[in-house]
Ligand code: NA7
């Protein structure tokens with residue numbers, strides 16, 4: 001397929017922002033179509049999350065083989081996973097292996113951060129993209145290979161810049177070895193990241209203090225090595241496994257459970273929960289009774305089971321109680337998967353501080369100071385050699401806010417999404433012709449705004465209003481759909497595609513409607529777009545497609561089958 005164009009030739013047919021999983025696969029597909037493509041990446045290498053997010057303990061919590069790409073038979077034949085839940089360095093190696101194999105790096109421009117993207121007038125029908133150094137790139141189509149978990153955020157407490165010791169955000173962990181040996185370390189946050197990091201840090205640290213605002217319901221990962229024989233069996237089972245993943249609601253390997261909790265006896269419930277708790281991976285979340293994520297009473301029962309497990313595993317009853325969530329039920333936030341997380345609190349060198357009774361007053365030069373909510377009780381002063389911020393992200397729309405996307409109406413996307421994202425199929429937008437949002441493991445963006453010790457990077461995963469769950473499955477679908485769409489445009493001599501107002505309205509309503517009834521909607525978390533550290537992120541929004549991935553794909557395929565007639569094409 002030759003270059004797309006009319007009299008006003010852009011420099012590129014396709015420009016991809018971000019060289020994570022989705023960016024690299026987009027580039028691969030565009031090349032297959034014979035299009036002149038370029039991928040722009042702020043980091044110095046490919047891989048995004050799995051390059052930059054290298055805090056101790058970082059690893060998949062979905063089965064490695066189910067999280068790899070399925071589109072290349074050669075990669076499936078040649079790549080061996082060595083652990084059921086691959087550590088960060090293995091996944092980073094995997095992405096580099098793919099880039100080497102398909103020579104993707106030659107079309108990736110590293111160390112370049114995009115600042116703005118503007119759709120030029122209808123005559124020229126192209127995007128003008130500008131990087132932070134002022135370089136300008138033009139392209140017929142723009143693929144944003146970014147997503148919703150981006151912009152690591154620091155706590156909104158005074159004094160963050162005053163701290164003089166080593167300080168790291170977990171999403172911007174340095175490449176060089178970080179030693180905890182003999183050090184007094186403080187970590188703020190107890191989300192999925194901290195829950196992976198804490199047991200690893202605890203092994204080597206002088207003393208670790210964990211500052212917890214909201215505990216989460218974590219369950220055991222049960223990771224294990226994969227022997228060569230096992231890998232051979234996994235490989236032989238790939239076709240069947242990928243077919244199965246396409247049939248499940250969230251494309252995970254775990255079967256859903258059609259059974260009703262109300263038809264099970266207490267003994268049967270206990271038996272199922274013991275079985276799921278002992279299983280590797282997300283089974284406890286995904287293969288549980290069908291009511292647990294929608295019915296408060298059912299949710300209370302399973303929460304009580306997990307609370308019992310925490311009480312059994314944590315020796316100090318007071319600490320155990322603090323680690324049991326009281327403001328949300330099991331599975332209503334992202335369930336962190338852990339390896340000896342609760343046992344870390346049985347070590348004499350680990351202390352848990354409850355920020356509800358003693359919130360952080362300020363970060364100081366030497367550490368931090370808490371205050372007590374009880375009158376007459378003093379706060380405490382903590383001195384550290386190292387402070388770790390495991391404080392999460394400005395999620396969901398943050399990735400898109402970081403770039404000034406300006407469409408045909410002259411408005412910034414950021415302003416248009418103040419009340420939450422509005423999309424058509426989660427991939428296209430009104431007034432942003434020729435722009436596609438693919439779903440979205442990691443793209444990295446250099447940013448020094450946090451002013452911490454390490455090189456710091458942003459990473460972004462998943463896009464708004466698209467099926468979530470097993471992210472690489474969503475990426476493959478979105479990239480294939482976009483590639484087919486661009487191919488269709490080219491074959492038909494079309495140079496402009498734009499979502500219609502009506503389509504955006506209907507899709508956004510559909511996304512909201514299928515989200516109804518989930519207990520998770522009632523809970524503040526990054527999944528509902530809430531970040532207490534960021535102005536304007538206090539209100540819950542519907543950002544994810546909560547329906548089945550099977551249905552999502554069917555709806556998108558129907559649009560393609562009708563020749564994209566729900567778009568304005570020109
Ligand atoms: P999360 O899940 O957003 O967790 C962030 C943690 O940091 C969470 O415990 C927060 O408490 C805590 N936090 C944030 N700000 C503060 C302040 N100001 N004071 C005290 N504690 C604070 O991010 P993660 O990186 O752990 O995980 C993100 C996702 O990445 C994860 O779900 C995986 O899908 C991959 P809060 O809960 O807000 O009270």
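One table, with the values for the structure above:
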| item | result |
| --- | --- |
| Residue 111 being under 25 Å from the mean Cα position of the chain (by Cα), more than 16 Å from the ligand (Cβ to nearest atom), surrounded by fewer than 22 Cβ atoms within 10 Å (Cβ to Cβ) and assigned to a loop (DSSP other than H, G, I, E, B) | yes |
| Lone qualifier among 276, 221, 245, 272 - being in contact with a helix residue (DSSP H, G or I) (Cβ under 7 Å, 6 or more places away or on another chain) and at pLDDT 95 or above | 276 |
| Residue that is nearest to the chain's Cα centre (by Cα) [pool: residues in the range 332-343 that are more than 15 Å from residue 318 (Cα to Cα) and either within 12 Å of the ligand (Cβ to nearest atom) or crowded, with 20+ Cβ neighbours inside 10 Å (or both)] | 334 |
| Answer residue from the range 158-176, given it is closer than 20 Å to residue 207 by Cβ and more than 10 Å from the ligand (Cβ to nearest atom) and is surrounded by the fewest Cβ atoms within 10 Å (Cβ to Cβ) among those | 164 |
| Qualifying positions in the range 536-570 - exposed (fewer than 15 other Cβ atoms within 10 Å of the Cβ) and within 16 Å of the ligand (Cβ to nearest atom) | 536, 538, 539 |
| Residue list for the range 367-424, filter: within 16 Å of the ligand (Cβ to nearest atom), within 31 Å of the chain's Cα centre (by Cα) and part of a loop (DSSP other than H, G, I, E, B) | 384, 390, 391, 392, 396, 397 |
| Positions within the range 486-535 being touching a strand residue (DSSP E or B) at 6+ places or on another chain (Cβ under 7 Å), away from the ligand (no atom under 16 Å from the Cβ) and part of a helix (DSSP H, G or I), in sequence order | 486, 489, 503, 504, 507, 511 |
| Hits in the range 204-213 - residues which are assigned to a strand (DSSP E or B) and more than 9 Å from the ligand (Cβ to nearest atom) | 205, 207, 208, 209, 210 |
| Among (1) in contact with a helix residue (DSSP H, G or I) (Cβ under 9 Å, 6 or more places away or on another chain); (2) touching a residue at least 24 places away in the same chain (Cβ under 8 Å); (3) over 26 Å from residue 65 (Cβ atoms) - the single one residue 300 does not satisfy | (1) |
| Any hit, the range 220-229, residues being within 16 Å of the ligand (Cβ to nearest atom), touching a strand residue (DSSP E or B) at 6+ places or on another chain (Cβ under 7 Å), part of a helix (DSSP H, G or I) and within 20 Å of residue 60 (Cα to Cα) | no |
| Selection within the range 297-324 - buried (at least 21 other Cβ atoms within 10 Å of the Cβ) and in a loop (DSSP other than H, G, I, E, B) | 314 |
| Selection from the range 35-68 of residues that are over 15 Å from the mean Cα position of the chain (by Cα) and assigned to a helix (DSSP H, G or I) | 64, 65, 66 |
| When residues of the range 482-494 are limited to those that are surrounded by 19 or more Cβ atoms within 10 Å (Cβ to Cβ) and modelled with pLDDT of 95 or more, the one farthest from residue 21 (Cα to Cα) | 489 |
| Top-ranked residue of the range 344-361 - restricted to ones that are within 15 Å of the ligand (Cβ to nearest atom) and not in a loop (DSSP other than H, G, I, E, B), ranked as farthest from residue 188 (Cα to Cα) | 361 |
| Qualifying residue in the range 134-146 (condition: at pLDDT 95 or above and touching a helix residue (DSSP H, G or I) at 6+ places or on another chain (Cβ under 7 Å)) | yes |
| Search result, residues across the range 402-447 that are buried (at least 24 other Cβ atoms within 10 Å of the Cβ) and modelled with pLDDT under 85 | 421, 439, 440, 441, 442, 443, 444, 445 |
| Considering residues of the range 177-203 that are part of a strand (DSSP E or B) and buried (at least 18 other Cβ atoms within 10 Å of the Cβ) only, the residue nearest to the ligand (Cβ to nearest atom) | 188 |
| Residue in the range 265-296 that is nearest to residue 521 (Cα to Cα), counting only those that are part of a helix (DSSP H, G or I) and touching a strand residue (DSSP E or B) at 6+ places or on another chain (Cβ under 8 Å) | 285 |
| Any chance residue 131 is surrounded by fewer than 22 Cβ atoms within 10 Å (Cβ to Cβ) and either at pLDDT below 95 or within 16 Å of the ligand (Cβ to nearest atom) (or both) | no |
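The values are calculated or read from the model by the stated rules, or taken from the named source; none is laboratory data. Everything numeric in this text was worked out from a predicted model, so none of it was measured. When we count neighbours, we look across all protein chains shown, and the Cβ atoms used for this are built from the backbone with ideal geometry, even at glycine.
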